[in-house]
1. Out of G58, G23, G62, which single residue is at pLDDT 85 or above, surrounded by 10 or more Cβ atoms within 10 Å (Cβ to Cβ) and of a type outside the set (A, V, I, L, M, F, W, C)?
2. Answer yes or no: is there a residue in region 28-37 that is within 30 Å of S84 (Cβ to Cβ) and out of contact with any Lys or Arg (no Cβ under 6 Å at 6 or more places or on another chain).
3. Between a residue in region 61-79 that is on the phi < 0 side of the Ramachandran plot and any residue that is small (G, A, S) and in a helix (DSSP H, G or I), which pairs come within a Cβ distance under 6 Å, given they are 6 or more apart or on different chains?
Amino acid sequence: MLKTESYKKGVVVSTMLNILVKGIGFINTLIIAFYFGANAGTDIYFFVLSITVLVTTGMLNGIDSIILIPQAMKLREREGEEKSRNF
């Protein structure tokens, strides 16, 4: 079963995790630049990586807003809160 938490606590935890992930990504960039240098090859690597992240993130957010959320709302209206949560 899902554990209910406060909205404020969720925002704080989400923000902290986001800061942590951004920090890890920054350190990853520094490590790659240290080992492989700053040249055209690493520029291409980061460009391809950024495009890949952008496309996959966009698709996941699109799936949430176009498919999952409306379907959950329909289930809540038709069959109740329990069916909507299970979906």
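The values are calculated or read from the model by the stated rules, or taken from the named source; none is laboratory data. What you see is a predicted model; the values in this text were computed from it and never measured. Positions of Cβ are backbone-derived with ideal geometry, glycine not excepted, and every protein chain shown enters the neighbour counts.
1. Working: G58 fails: at pLDDT 85 or above; G62 fails: at pLDDT 85 or above.
After ruling out the rest, the residue left standing is G23.
2. Within region 28-37, not a single residue is within 30 Å of S84 (Cβ to Cβ) and out of contact with any Lys or Arg (no Cβ under 6 Å at 6 or more places or on another chain).
3. A72/S84; L75/S84; R76/S84
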